[in-house]
Amino acid sequence: MKFMKAIGINKSNSKNKLTIITTEIPTISETQILVKVSYAGINRADILQRNGMYPPPPGESEILGLEFSGEIVEMGDKVDLWNLGDYVCGIVAGGSYAEYVKIEANHLIKVPENLTLTEAGVIPEAFITAYQSLIHIANIAANEIVLIHAGASGVGAAAIQMAKSIGAIVIITASKEKHEFCYNLGADLCIDYKNQAFDEVLLSKFPKGVNIVLDLIGASHFQKNLNVLSRDGKMVMLGFLGGVNISEANIAAIIAKRLKIEGSTLRNRNNEYKSALVKGFSNQFLNDSKFPFKPNLDIIFPWANTDQAHEYMVQNKNKGKIAIEIKA
């Protein structure tokens, strides 16, 4: 039996403090790969899980972490697309806050030659979620107008760039101090949701509304999202930073404008679905082995300071992604 270091949750106190623990190195199946982790990306799902609100799917690692970069150190008998020593990044349903993580071979992405391992550690979850939402679900097209909430978040920053690469017009909401960051990524209009009614500002400039809303906020924005969607508009809901309960809403617009509203997750999708997403994203955007977008890495914390990394996100300080360095 072999052991590794990982980040564990100390549930003996109310803050569920994170600490480095010793645990078993994962055992891989014939279709999986074992990766020695260099960097892991921080996601709000990690914070929810830490607080008991988002448990991993059955059979998945209880260790936090949904994305990583690192080096292949072991491969299953049926794996033939990779080599020992390859530098890779990928999405997992849990386990990347550790020295080693196991992953299905088809869920891996080779680290693009123009990215560092640090940058690669924060691209999989955000960019594959953006791909899933904008292209796989919403079928975004050139010249369509898309509203992206939480534009300076990891997913938001990825979605801005991806939507612009398709030729869409991009509107985002974010606090004023994050507007420059979003404009630099390609946003056409930034709205300060703290001091402006985003639906009024948007409709004053685009009276017919938007074709797509990418929503990570939830209840507090629901009615305004209905207001700004155009006929046959689509809303993809990914989060609920603004709450889950709506006390009152006028749903007439859903019927009158023939709106399509779809909730989506990535973590609990099956292996085949994730494989298709990774393949689709790679084929569309990584054909020349170079990453065509900015990875949006904001700050790196040592993994001993993962508590601080989580607090940085809770306080909404990040513009883009947060990483932890996994170093024994």
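Screening region 189-216 for residues that are among the β-branched types (Val, Ile, Thr) and buried (at least 21 other Cβ atoms within 10 Å of the Cβ) and picking the one that is nearest to PHE240 (Cα to Cα) gives VAL213.
Listed by first and then second residue, the pairs linking a residue in region 276-294 that is assigned by TED's automatic domain parsing to the domain that holds LYS164 to a residue that is surrounded by fewer than 16 Cβ atoms within 10 Å (Cβ to Cβ) and assigned to a loop (DSSP other than H, G, I, E, B), with Cβ atoms under 7 Å apart and 6 or more places separating them unless they lie on different chains, form an empty list.
Give me the strands (runs of 3 or more DSSP E) completely within region 1-100, filtered to those with at least 3 residues that are among the charged types (D, E, K, R), ordered by residue number.
Numbers: elements: 3-9, 18-24, 32-41, 67-75, 87-91.
Those strands (runs of 3 or more DSSP E) span 67-75.
Go through region 101-123 and count every residue that is more than 17 Å from the chain's Cα centre (by Cα), among the hydrophobic types (A, V, I, L, M, F, W, C) and not in a helix (DSSP H, G or I).
Restricting attention to region 101-123, the residues satisfying the condition of being more than 17 Å from the chain's Cα centre (by Cα) are 101-106, 110-117.
Filter again for among the hydrophobic types (A, V, I, L, M, F, W, C), leaving 101, 103, 105, 111, 115, 117.
Checking the rest, the ones that are also not in a helix (DSSP H, G or I) come to 101, 103, 111, 115.
The number of residues fulfilling the criteria is 4.
LEU226 meets all of the listed conditions (1) closer than 22 Å to THR129 by Cα; (2) surrounded by 12 or more Cβ atoms within 10 Å (Cβ to Cβ); (3) out of contact with any His (no Cβ under 9 Å at 6 or more places or on another chain) but one, namely (1).
Criterion applied to PHE301, PHE281 was being under 19 Å from SER133 (Cβ atoms) and either of a type in the set (Phe, Trp, Tyr) or modelled with pLDDT of 95 or more (or both), and the one residue passing it is PHE281.
With region 212-328 as the region, which helices (runs of 4 or more DSSP H) entirely inside it contain at least 2 residues that are touching a Gly at 6+ places or on another chain (Cβ under 9 Å)? Even if it seems obvious, please write down each step before you answer.
Values: elements: 222-228, 252-256, 271-285, 306-314.
Helices (runs of 4 or more DSSP H) meeting the threshold: 222-228.
Residues that are in contact with a Pro (Cβ under 9 Å, 6 or more places away or on another chain), surrounded by fewer than 19 Cβ atoms within 10 Å (Cβ to Cβ) and assigned by TED's automatic domain parsing to the domain that holds MET313 occur in region 58-70; there is at least one.
Tell me whether region 82-89 contains one or more residues that are in contact (Cβ under 8 Å) with a residue 24 or more places away in the chain and at positive phi. Checked against the condition, which is being in contact (Cβ under 8 Å) with a residue 24 or more places away in the chain and at positive phi, region 82-89 yields no hits at all. All of LEU115, LEU81, LEU147 fail the test of being at pLDDT below 95, touching a strand residue (DSSP E or B) at 6+ places or on another chain (Cβ under 9 Å) and of a type in the set (A, V, I, L, M), apart from LEU81.
Which of the residues that make up region 118-131 are in contact with a helix residue (DSSP H, G or I) (Cβ under 9 Å, 6 or more places away or on another chain) and either crowded, with 24+ Cβ neighbours inside 10 Å or at pLDDT below 95 (or both)? Those that are in contact with a helix residue (DSSP H, G or I) (Cβ under 9 Å, 6 or more places away or on another chain) and either crowded, with 24+ Cβ neighbours inside 10 Å or at pLDDT below 95 (or both): VAL122, ILE123, PRO124, GLU125, ALA126, PHE127, ILE128, THR129, ALA130.
Residue-by-condition table, conditions (1) surrounded by fewer than 24 Cβ atoms within 10 Å (Cβ to Cβ); (2) touching an Asp or Glu at 6+ places or on another chain (Cβ under 8 Å); (3) part of a loop (DSSP other than H, G, I, E, B); (4) not assigned by TED's automatic domain parsing to the domain that holds LYS274:
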site	(1), (2), (3), (4)
SER133	no, no, no, yes
VAL146	no, no, no, yes
GLY151	no, no, yes, yes
GLY156	no, no, no, yes
SER165	yes, no, no, yes
HIS179	yes, yes, no, yes
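Can you tell me which residue within region 231-243, out of those that are surrounded by 11 or more Cβ atoms within 10 Å (Cβ to Cβ) and free of Cβ contacts under 8 Å to residues at least 40 places away in the same chain, is farthest from the chain's Cα centre (by Cα)? Restricting to residues being surrounded by 11 or more Cβ atoms within 10 Å (Cβ to Cβ) and free of Cβ contacts under 8 Å to residues at least 40 places away in the same chain, the top hit is ARG231.
The values are calculated or read from the model by the stated rules, or taken from the named source; none is laboratory data. Model, not experiment: these values are computed from the prediction. For neighbour counting, all protein chains shown are included, and Cβ atoms are generated from backbone atoms with ideal geometry for every residue, glycine included.
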